[in-house]
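Report on the following structure.
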Amino acid sequence: MNEGVLGVDFSGASAAGDALWVTEATPTPRGLRVDECYRASDRWGSDREAAHAGLRERITDDDIGTVGMDFPFSLPQTVLDAQCGGSWTGLLEWLGGSEGPNDPRSFSQRCRRTAEMAVEKRDVRRETDLRRGALCPYTNRTRSMTLYGVRDVLGRLAQRADTAVVPMQDETGETTTRVCEVYPAATFSWLGCYREGYKNVEGARDRRGANVDAISDCSVLVGAHRRQYLDNHDALDSLAAAVTTARVADGARPTPAGPVTEGCIHV
């Protein structure tokens, strides 16, 4: 398994590269060393397709071993059963096929209709969402990330023999890169940091500083990148993603809440 760690604050917007941030880090005897922090548009362009293509390519580089991305990797089992044959592979086929939804709005509508028919509730969360305080994967706030993240990023990576999307895909002897779902808010909660109030509100910069300090206290060497994390909450979320990803690289494996096909938010 390669050593490099990638923490990704994901975006599914049309100009995804402007809001998609990446922290690259390396485990060392002194702790996790942050090597780079950058906005996707500065490397690959602002356009969603270009940004996601660049991200996929970086993930598959030889020096990257574990990647954490903060979008829902799957759907509630109720929706998977009705739309995808009950499997995660079926979800990839549904979103990538000609009969599947081709935009976030239709994706959300179809999921909501399916859930309402099955359990008489439109917005259903996965078990891992309930455990970590995350949103339903197909609400207005998450639908773009889920659709484009699963279809255009995970769908491509899942086809590779050297990449495993965990816990849905088993790691084999050929696996050199594992990809896991993270959620910065859950990571900050686990660290005892500010889970809320560190974004675009009064006092946010000071709270971001407190979060960076707490992460640094956990043997994370942010170095000259501290200012980026203080100035931009998306950059800070990518740092939180990298912290959890490093734990996964070190062997941390939370017990999935609910079916494995629903995925698992790692902390």
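The residues of the stretch 170-190 that are crowded, with 19+ Cβ neighbours inside 10 Å and either among the hydrophobic types (A, V, I, L, M, F, W, C) or out of contact with any Phe, Trp or Tyr (no Cβ under 7 Å at 6 or more places or on another chain) (or both), listed by number, are T177, R178, V179, C180, V182, Y183, P184, A185, A186, T187, F188. The set of residues from the stretch 48-65 being among the β-branched types (V, I, T) and part of a loop (DSSP other than H, G, I, E, B) comprises just one member, T60. Residue under question is G68, and the condition is that it be outside any helix (DSSP H, G or I), among the small types (G, A, S) and in the same structural domain as L135 (by TED's automatic domain parsing); does it hold? Against the criterion (outside any helix (DSSP H, G or I), among the small types (G, A, S) and in the same structural domain as L135 (by TED's automatic domain parsing)), G68 does not qualify.
Restricting attention to the stretch 217-254, report how many residues are of a type in the set (G, A, S) and within 14 Å of C37 (Cβ to Cβ).
Selection size over the stretch 217-254: 7.
Results for (1) of a type outside the set (G, A, S); (2) at positive phi; (3) crowded, with 18+ Cβ neighbours inside 10 Å, shown as yes or no for each residue.
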{"site": "H225", "(1), (2), (3)": "yes, no, yes"}
{"site": "D231", "(1), (2), (3)": "yes, no, no"}
{"site": "T244", "(1), (2), (3)": "yes, no, yes"}
{"site": "G251", "(1), (2), (3)": "no, yes, no"}
{"site": "T255", "(1), (2), (3)": "yes, no, no"}
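Of the residues that make up the stretch 65-82, is at least one without any contact (Cβ under 8 Å) to a residue 40 or more places away in the chain and either surrounded by fewer than 20 Cβ atoms within 10 Å (Cβ to Cβ) or farther than 20 Å from G17 by Cα (or both)? Checked against the condition, which is being without any contact (Cβ under 8 Å) to a residue 40 or more places away in the chain and either surrounded by fewer than 20 Cβ atoms within 10 Å (Cβ to Cβ) or farther than 20 Å from G17 by Cα (or both), the stretch 65-82 yields at least one hit. Among the residues of the stretch 115-137, not a single one is among the small types (G, A, S), part of a helix (DSSP H, G or I) and over 15 Å from A82 (Cβ atoms).
The values are calculated or read from the model by the stated rules, or taken from the named source; none is laboratory data. Please read these numbers as outputs of a predicted model, since none were measured by experiment. Don't worry about glycine lacking a Cβ; one is built from the backbone with ideal geometry, like all the others, and counts go over all protein chains shown.
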